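See structure below.
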Amino acid sequence: MPKVADHHRWKDKDHVPSNAWPEDCYVQWGSRGAVLRREGGGYRTAFFEAFPKAGGFIRGEGETIAAAEEKAFATFRRESACAHAWSRKDYTNGGTICRTCGAFRTTMKPVVKLGHTRRPLEAWEIETAMDGGLAPSPLARFNTPGDRQNNRKIWLRFRLHGIRLSEIPAEPENTDAFEESPYGRSCRDVICRHIAEAGGPDAIFEAAGQGGMAGLFDALSRRGVEREYASWLAEQAGAEDPAP
């Protein structure tokens, strides 16, 4: 039996994954997953996702979760039997695509861009910090040495841009990954105060200019940050109201 995501204790819990998956493979699924199209729009579908211990990400889609899992497992078997010939393609973060089977793995070192750390903060970095994503995760697959190193780099970039977040906790704060992160709440307050002093979200975001899926995800992250900021402003207004 593979390792099943904790949220399936209550969500889509009727599906039982196949025992054919390796025991060290992490899996999750859903009956109505949202899929975004590069050209715009999207659709919903049942899906099954697997994260093999060797690395990579496998996703199957279908009319039912069972059908989606069948497709995902077929992909897993094909990738497992492949000798792999890795290519960077358009990835600069170390990610590679196998030219033979299409599998994805992080097999190379990132391409370092000069001045990269001094670029303006990106919306996804701000959203990640607000959500507590810089703190260690109770999910082992999101708490690797590489993840901790990347989170530290983001933390340092906030410092570089004058936003002094508290030190990242050494250990996970929660046992449940779906509980609110106290560290994330702390980061949210510091970031929102900085946004307010700067004159609003538009004053701290990098000028929009990305196209395709990168631009779409950037826009989604911006909306997420703007919602958190609006919520924070409402909380501040409520706190300042005199008691009746």
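Near the amide H of residue 174, within less than 5 Å, lie no amide hydrogens of residues on another chain or at least 5 residues away, with H placed in the peptide plane. Using the Cβ-Cβ distance between residue 170 and residue 43 with R0 = 41 Å, the FRET efficiency computed as 1/(1 + (r/R0)^6) comes to roughly 0.45. Within the accessible surface of the chain, defined with a 1.4 Å probe on protein heavy atoms only, the carbon and sulfur portion equals 52 percent. If R0 is taken as 25 Å, the Cβ-Cβ distance between residue 186 and residue 139 corresponds to a FRET efficiency of 0.75. The phi-based Karplus calculation (6.51 cos²θ - 1.76 cosθ + 1.60; θ = phi - 60°) puts the 3J(HN,Hα) values of the stretch 98-114 at 6, 6, 8, 10, x, 5, 10, 8, 9, 10, 10, 7, x, 7, 7, 9, 5 Hz, whole numbers, x for Gly and Pro.
Karplus-derived 3J(HN,Hα) values for the stretch 189-203, using 6.51 cos²θ - 1.76 cosθ + 1.60 with θ = phi - 60°, are 5, 5, 5, 5, 5, 5, 4, 4, 5, 7, x, x, x, 4, 6 Hz; glycine and proline are entered as x.
Highest mobility in the GNM of the chain, judged by mean-square fluctuation with C-alpha springs under 10 Å and restricted to 133, 94, 60, is found for 94. Which entry in (i) 1.07; (ii) 1.02; (iii) 1.15 matches Cα Rg over 2.2 N^0.38 Å derived from the coordinates of this structure? Computed from the coordinates, Cα Rg over 2.2 N^0.38 Å corresponds to (iii). Accessible area per residue for the chain, computed on protein heavy atoms with a 1.4 Å probe, is 61 Å². Our estimate of slack between residue 101 and residue 234, defined as 0.36 nm per intervening residue step minus the Cα-Cα distance, is 42.8 nm.
In this label model, residue 91 and residue 196 are separated by 4.2 nm, measuring between points 7 Å along each Cα→Cβ vector. Go ahead and estimate [θ] at 222 nm for the chain from helices alone: -39,500 (n - 2.57) per DSSP H run with n ≥ 4, summed, over the residue count, rounded to 500. Calculated mean residue ellipticity at 222 nm is -12000 deg cm²/dmol. Per-residue accessible area (protein heavy atoms, 1.4 Å probe) orders 220, 165, 156 as 156, 220, 165, starting from the largest. Backbone phi angles across the stretch 9-23, fed through the Karplus curve with coefficients 6.51, -1.76 and 1.60 (θ = phi - 60°), yield HN-Hα couplings of 5, 10, 9, 6, 6, 6, 7, 10, x, 5, 6, 6, 5, x, 5 Hz in residue order; Gly and Pro are listed as x.
The values are calculated or read from the model by the stated rules, or taken from the named source; none is laboratory data. Just so it is clear, the structure is predicted and the values come from calculations on it, not from any experiment. Cβ atoms come from the backbone with ideal geometry, glycine included; neighbour counts cover every protein chain shown. We work out accessible area using only protein heavy atoms, side chains counted, and drop any ligands, DNA or RNA first. Shrake-Rupley method; radii C 1.70, N 1.55, O 1.52, S 1.80 Å.
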